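Below is one structure, written out as C-alpha cells, with a few remarks after it.
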Amino acid sequence: MKRFLGFVRKEFYHIFRDKRSLFILFGMPVAQILLFGFAITNEINNVDIAVLNQSKDVNTQEITQKIDASKYFTIKRFLTSEKEIEEAFKKGDIKAVINFEKDFSEHLIKEGQGSIQILTDATDPNTASAITNYISSIIQSYQQQQNQGVQMDYQIHPEVRMVYNPELKSVFMFVPGVMTIILMLVSAMMTSISITREKELGTMEILLVSPLSSFQVIVGKVVPYIFLSMINAAIIIFLGITVFKMPIAGNLILLGLESVLFIITSLALGILISTMVKTQQTAMMISLMGLMLPVILLSGFIFPISSMPPPLQVISNIVPAKWFITIAKGIMLKGVGLGYLLKETLILIGMTVFFIALSIKKYKIRLE
Amino acid sequence: MGILVENISKSYKNVAAVKDISFEVKPGELYGLIGPDGAGKTTLFRILTTLLVADKGQAKVAGYDVVQDYKNIRHSVGYMPGRFSLYQDLTIEENLNFFATIFGTSIEENYDLIKDVYEQIEPFKNRRAGKLSGGMKQKLALSCALIHKPKVLFLDEPTTGVDPVSRKEFWEMLKRLQQKDITILVSTPYMDEAALCDRIALIQEGKILEIDSPEAIVKKIPKKIYDIYASNMYGLLTALKDFEHAHSVFPFGEFVHYTDKREGFDSNELKIYLENKNLQDVSISLTEPDIEDVFMELSRK
C-alpha cells in the first residue's frame, strides 16, 4: 500500500508541475461551458426580418405589428417590390421576408382565404425552420383572435406544453452535454498521455523492473484523475446552476455518483488506448479524434439519436457518452431517481468492466 | 547468486541481435560487456532484466530464472538503462524517494550504500532531474538503482555522454560497490574502461569473441604492436595500408597501431618506406597492446 501511495504521489507531482496540462484540465471545462452556454445557441432572439406588404390594409398591418412586437423578430426594413427580395437576402442582414399578397384583406373576407409568403434564408437550415415555425405560430394566433366569437362547426385546438425545459433554453441541453465531453476527454486523454509518456521517456522500463504490479501502475495512474475529474464535474454543475440558472431537479448525490462511474469508464478507455499505442502523440490523436467526434455526433448531445439513420442509431449504443448524457439529463432536468436509470447505469458499469479487463489483458509486463 | 547465461539468442523480426551467447558472472564480480554500438549489449541486458524474452536459451539472475521467476528478479536487481530514464520533472530527492518507496524501503534505511554517490549530488537535492548535468544525472540514476540494495546491478553504458572526470569517478564508485557484495554487470563501448573490470566479454554483432580478465586477454594477442607517428595522419594510414607486409593498421589517438605479418620485423625498413612516401617526422616504437588492439585483432576474423 505504501508503494502504491508513493506512486500516486509521484503522479500528482507530474500533474501539478505541468502547467499546460493543468490549464487544459481546468481551463477547458470553464471555457467550453461558457462558449456553449452563451455563444452557441439554437434559440431565436431578435432576428432581423423584412416585410413586403403589397396590400397595406388593416389585417396585414396588424399582423406586421404583432410580429414586430414579439421578442423573436425585429423588422429591419420594408420592401416595395418582389425584385428587392433577392437583393435583401444577398446583403445578408435579414434572415426572412414576409410577403403579403395584393388585396389580402379583400381575399380574406370574400374568399375566406388570404396568402402570406414566408421566405427564409436556409443557408442555416436549423434557424430557418425555427423562424418559419415561430412566424407561422404568430400568424395562427392572430387568426384565432380574429375568429373569436365566430361560430364554427368544430375546432381542433392543440395545447402545447414543453415539459422539463419550458423556455426551451438550449443551455439546459448543453450543460449535461459539455459535462460529458469534458469528463470523457480529460479522463481518457490525460491517462492515455500520462501512461504513454512513461513509455516514451523510458521510465516505463524502470517501472517494469520494479516490484510494482501492472495493476498498481494502472490504478495509480487513474486515482489522481478520478479526483481531478470530480472537481471538474463539480465546476461544471456549479457554473450551470449559478451562471445559467439551471435547475437540478434530481438528487445531486446521485448525479455525483453517476459522474464518478462515467469518469471511471472514461479512464478505463484511456488506459485501453495507452496499452495499444507507443507515443504520446498517437495517444492524443486517438483520444481526440476517436472519442471527441463520436461523443459530439453520436451521443445525442447535439443531434437527436432518434432522427439518425438506423445504422448510426445502432452504433450510438456503443458510445459510452450516449448513456451518460441520458443519465445526466434525466437527473438534472427530469429529476428521476436511480430506478429509471438502472439500464443506463448497468450498461456503463458493464462497459467499464470490459475496458478494464481488456486493458489488464493487453498491458504488457515486458517491453514487447 | 551471480548471473548465468546459456545459449541465449534473440532476433527482432529477421535481424539477429544476440546469437547463442553463454557466459557466467560470479557472485561479487565486476563484469564488463565490451563492444561497439549495435553489438547486442542492450538486448542482452533487457533479457537479463526480464524486459524481453529470449527466443532460445536460458538465463538465471541471482538464482532466479529470467522467464519463470521474473517477479523475484524484479525485487532483487538494480537496473540503469542506457538512456537517462528518471522523472525529469521531479527533483533529485523526489526521484530517489520514489524509487525507495516502490521497492518498499526508504532513503535512510540504505543510506550507507548510496552515501558515496549521493553525497556528491545531495547539495542539489531540490533541483529537478531534467536540469542536471550528464555526470550528475548518472550519479542520480546510480543512486536510484542502488537504493533498494540490489543483489545484482545492471548498468547499460552508464558512462556514455559523461565527461572524462565523471567517468573516472563513476568507475571508482563501482569498485567500492563491489566491496559491498553486489554483483555488477556493466556494458561500455570504451575500451579503457574495460581494463577496470574483473573479467570482460568482448562482444560484436551479437556474438562473444573472447572472455577473460583484461590482463589475460591482452596477453593473448600474438603480434607485436607498433605506435607509428607521422605529421600527415591520412597519408600515413594509406601508406601503411599499401605496405605489402602490413597485417593490421588502425588509428589510435595521434598514433597508428601497426602489426606486421612477419616474425622478424625491421622498423628501419618501414621508416624508409614511409619517408619515401613523403611523410615527415616519422617515428616507430614498440608498444604494449591494450584491449582495443585485442578487439581489433579479434574482429578481423
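The values are calculated or read from the model by the stated rules, or taken from the named source; none is laboratory data. Bear in mind the structure is a predicted one, so any value in this text is a computation, not a measurement. Heads up, the Cβs are rebuilt from the backbone with ideal geometry, glycines too, and the neighbour counts pull from every protein chain shown. Please note that ligands, DNA and RNA were not included when accessible areas were found on the heavy atoms of the full protein model with its side chains. Shrake-Rupley method; radii C 1.70, N 1.55, O 1.52, S 1.80 Å.
Observations
- Residue match in segment A:180-193 (condition: in contact with a Ser or Thr (Cβ under 8 Å, 6 or more places away or on another chain), more than 29 Å from A:LYS364 (Cα to Cα) and not assigned by TED's automatic domain parsing to the domain that holds A:ALA88): yes
- Of all residues in segment B:166-187, those that are farther than 27 Å from B:GLY40 by Cβ have Cβ atoms under 7 Å from Cβ atoms of residues that are open to solvent by 30 Å² or more (accessible area, probe 1.4 Å), 6 or more apart or on another chain, in B:ARG176/B:ASP116.
- Those residues of segment B:64-90 which are small (Gly, Ala, Ser) and closer than 22 Å to B:MET136 by Cα, in sequence order: B:GLY78, B:GLY82, B:SER85
- Within segment B:74-83, tally of residues that are more than 20 Å from B:GLN138 (Cβ to Cβ) and either more than 8 Å from chain A (Cβ to nearest Cβ) or open to solvent by 50 Å² or more (accessible area, probe 1.4 Å) (or both): 2
- Test for B:ASN97: is it buried (at least 17 other Cβ atoms within 10 Å of the Cβ) and farther than 26 Å from B:LEU52 by Cα: yes
- Filtered by the rule that a residue be assigned to a helix (DSSP H, G or I) and either hydroxyl-bearing (Ser, Thr, Tyr) or within 14 Å of another protein chain (Cβ to nearest Cβ) (or both), segment A:340-368 gives A:TYR340, A:THR345, A:THR352, A:SER359.
- Checking each residue in segment B:107-145 for being exposed (fewer than 14 other Cβ atoms within 10 Å of the Cβ) and either among the polar types (S, T, N, Q) or in contact with a His (Cβ under 7 Å, 6 or more places away or on another chain) (or both) picks out B:ASN126, B:SER133.
- Cβ-Cβ distances below 9 Å connect the following pairs, each with a first residue in segment A:205-218 that is within 8 Å of another protein chain (Cβ to nearest Cβ) and within 10 Å of B:ARG74 (Cα to Cα), a second residue that is open to solvent by 20 Å² or more (accessible area, probe 1.4 Å) and part of a helix (DSSP H, G or I), and a separation of six or more residues or different chains: A:LEU208/A:SER214; A:SER210/A:ARG3; A:SER210/B:HIS75; A:PRO211/A:ARG3; A:PRO211/B:LYS71; A:PRO211/B:HIS75; A:LEU212/A:ARG3; A:LEU212/A:PHE4.
- Any hit, segment A:272-279, residues being touching a residue at least 60 places away in the same chain (Cβ under 8 Å), open to solvent by less than 40 Å² (accessible area, probe 1.4 Å), in a helix (DSSP H, G or I) and of a type in the set (Gly, Ala, Ser): yes
- If the condition is being surrounded by 13 or more Cβ atoms within 10 Å (Cβ to Cβ), more than 14 Å from the chain's Cα centre (by Cα) and in a loop (DSSP other than H, G, I, E, B), then segment A:290-315 contributes only A:MET308.
- The helices (runs of 4 or more DSSP H) found wholly in segment B:185-275 and carrying at least 2 residues that are open to solvent by less than 50 Å² (accessible area, probe 1.4 Å) and more than 30 Å from B:VAL61 (Cα to Cα) occupy B:233-242.
- Residue check, A:ILE263 under 19 Å from A:ALA357 (Cβ atoms), open to solvent by less than 40 Å² (accessible area, probe 1.4 Å) and more than 21 Å from the chain's Cα centre (by Cα): no
- Test: A:LYS245 is closer than 25 Å to A:THR326 by Cβ, more than 11 Å from every other protein chain (Cβ to nearest Cβ) and of a type in the set (D, E, K, R): yes
- Figure legend. Inter-residue proximity from segment B:195-224: first residues not assigned by TED's automatic domain parsing to the domain that holds B:THR43 and of a type in the set (S, T, N, Q), second residues assigned to a strand (DSSP E or B) and open to solvent by less than 30 Å² (accessible area, probe 1.4 Å), beta-carbon distance below 9 Å, spacing 6+ or different chains. No pairs are indicated.
- Complete set of residues in segment A:316-368 that are farther than 21 Å from A:ILE273 by Cα, open to solvent by less than 60 Å² (accessible area, probe 1.4 Å) and of a type in the set (Gly, Ala, Ser): A:ALA328, A:GLY330, A:GLY335, A:GLY337
- Helices (runs of 4 or more DSSP H) wholly inside segment A:1-80 containing at least 1 residues that are within 14 Å of chain B (Cβ to nearest Cβ): A:2-17, A:19-34
- When residues of segment B:276-286 are limited to those that are in contact with an Asp or Glu (Cβ under 9 Å, 6 or more places away or on another chain) and surrounded by fewer than 16 Cβ atoms within 10 Å (Cβ to Cβ), the one nearest to B:ILE203 (Cα to Cα): B:LEU286
- Annotation note: Cβ proximity below 8 Å between a residue of segment A:82-96 that is outside the structural domain of A:ALA128 (by TED's automatic domain parsing) and a residue that is open to solvent by 40 Å² or more (accessible area, probe 1.4 Å) (sequence gap 6+ or interchain) occurs for no pair.
- Matching option when the condition is at positive phi, touching a residue at least 12 places away in the same chain (Cβ under 8 Å), assigned by TED's automatic domain parsing to the domain that holds B:GLY206 and not small (Gly, Ala, Ser), among B:THR50, B:THR42: B:THR50
- Candidates B:LEU86, B:LEU48, filtered to the one that is more than 9 Å from chain A (Cβ to nearest Cβ), surrounded by 18 or more Cβ atoms within 10 Å (Cβ to Cβ) and out of contact with any Ser or Thr (no Cβ under 6 Å at 6 or more places or on another chain): B:LEU48
- Residue under evaluation B:GLU172, criteria (1) in contact with a helix residue (DSSP H, G or I) (Cβ under 7 Å, 6 or more places away or on another chain); (2) of a type outside the set (Val, Ile, Thr); (3) under 26 Å from B:LEU48 (Cα atoms), criterion not met: (1)
- Residue in segment A:97-114 that is more than 20 Å from A:GLN143 (Cβ to Cβ) and either touching a Gly at 6+ places or on another chain (Cβ under 6 Å) or modelled with pLDDT under 85 (or both) present: no
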